[in-house]
Each structure stands twice: as C-alpha cells, then as structure tokens.
Amino acid sequence: MKQCTHTASLPRPEPGPLSETCLECRAAGTHPVQLRLCLDCGHVGCCDTSPMRHATEHHKETGHPMMRSLEPGESWRWCFVDHVIV
C-alpha cells in the first residue's frame, strides 16, 4: 500500500482557512461544489468536481503537497504528490 511522504513535514498546528469560500470561484462568478483546505498555507479552493478545480490548481502553482476536506463531517486528507488519501 502506498503511503504519503509529506505528513511529517506539515505545519503544526495546521493553518486555519484564509477565507470562508473559494475566492477564485467568487471572482469568476462560479459556485464551488465542495471546499478544500491547503494544509501548508490555509488557502481554500474548490474540489475537482467544481468547474475550475482551484484546490488542484493551487497545488500546481505552489507545490503545496496536501489538502483536507472542509466539508462538515469529513476529516480525510489528500496528498497530491503521492496520490493517496491520508
């Protein structure tokens, strides 16, 4: 089973969200489907089922490796680099 190699290097405590929604979606006039939190810097982006996939775009632009769901009741994390749920 593949494991994430980035968990140990995450900031502690994890950053708080920098916004309440995906600001890129708001600026583009689109609606985010679900929100994701960058565990490196606190950027809030929309998920890959949203039209513009801003959480993934944030990873591509910054190289920040991990995010977690900001949806109520969800606590899973995703490593973009290792392609694994943590």
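The values are calculated or read from the model by the stated rules, or taken from the named source; none is laboratory data. Worth saying up front: this structure is predicted, and the values here are computed from it rather than measured. Neighbour counts run over all protein chains shown; Cβ positions are idealised from the backbone, glycine included. Surface areas here come from the heavy atoms of the whole protein model, side chains and all, with no ligands, DNA or RNA. Shrake-Rupley method; radii C 1.70, N 1.55, O 1.52, S 1.80 Å.
For the set 67, 52, the ranking by accessible area, highest first and with no ligand, DNA or RNA atoms included, is 52, 67 under a 1.4 Å probe. For the options 68, 36, 26, a Gaussian network treatment of the chain with springs between C-alpha atoms closer than 10 Å singles out 26 as fluctuating the most.
Place a label point 7 angstrom from the Cα of residue 84 along the Cα-to-Cβ direction, then list the residues of the stretch 1-19 whose backbone nitrogen is under 13 Å away. The answer is 1-8.
Note down the magnitude of the dipole of the stretch 9-53 about its Cα centre, charges +1 on Lys and Arg C-beta and -1 on Asp and Glu C-beta and zero elsewhere, to the nearest 20 debye. Walk me through the numbers before you get to the answer.
Values: 4 positive and 5 negative charges, 6 e Å.
In total the dipole reaches around 20 debye.
Shown are 4, 46, whose ranking by accessible area with a 1.4 Å probe and every protein chain present, most to least, is 4, 46.
When the square roots of the Cα gyration tensor eigenvalues are ordered a ≥ b ≥ c, the ratio a/c for the stretch 20-81 is 1.5 or more and a/b does not exceed b/c, which makes its shape oblate.
Mean-square fluctuations from a GNM of the chain, with a 10 angstrom spring cutoff on Cα atoms, peak among 65, 13, 32 at 13.
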